[in-house]
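First up is the structure itself, then whatever we jot down about it.
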Amino acid sequence: MTVIGEVSVPTYAFRCPHCGGFDVVRPMREAGAPARCPECGSAARRVFESPALRAGDPGVRRALEASERSADEPAVVSSVPGRSRKAIPTSRDPRHARLPRP
Ligand SMILES: [Zn+2]
């Protein structure tokens, strides 16, 4: 929130496809209006994420940005995750092996 005069105006996060994220301070009634990147003038997309998270831990920020990138261009893996790991038995009690399986 940024206070302009008597009115508190929320900050909206946008992302330029070329330059990255930037914030726009505007009245709530204009929240959905398109924004232009201040660097290159391209049309920017609104980003829906918590400002508190964005401002915090850089690791959290990287994870959020990776998650956002992955929404448009899913990362490709060469193998199924978790396949190589051996199944870890959760119990060594032989009676547990006789219990009904789902
Ligand atoms: Zn830009």
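Show E30, E65 ordered by accessible area, largest first, where the area counts protein heavy atoms only and the probe is 1.4 Å.
Values: E30 80, E65 55 Å².
Largest accessible area first, the list is E30, E65.
Provide the FRET efficiency to the nearest 0.05 for the V9-V76 pair, computing r from the beta carbons and using R0 = 25 Å.
The computed FRET efficiency comes out at 0.05.
Which residues' amide hydrogens lie under 5 Å from the amide hydrogen of S42, considering only partners 5 or more residues apart or on another chain, with H built in the peptide plane?
Residues meeting the amide H criterion: C37.
Accessible area of L64, 1.4 Å probe, to the nearest 10 Å²?
Approximately 50 Å² of L64 is accessible to the 1.4 Å probe.
What net charge is computed for the residues neighbouring R36, neighbours being all others with C-beta under 13 Å from the C-beta of R36, Lys and Arg scored +1, Asp and Glu -1?
+3
Taking amide H atoms as placed 1.01 Å from N in the peptide plane, list the residues 5 or more away in sequence, or in a different chain, whose amide H sits under 5 Å from that of Y12.
Amide H neighbours of Y12, under 5 Å, 5+ apart: V24, V25, R26.
The values are calculated or read from the model by the stated rules, or taken from the named source; none is laboratory data. Just so it is clear, the model here is predicted, and its values are computed rather than measured. Positions of Cβ are generated from backbone atoms using ideal geometry, with glycine treated the same way; all protein chains shown enter the neighbour counts. Side chains are part of the model used for accessible areas, which takes the heavy atoms of the whole protein and leaves out ligands, DNA and RNA. Shrake-Rupley method; radii C 1.70, N 1.55, O 1.52, S 1.80 Å.
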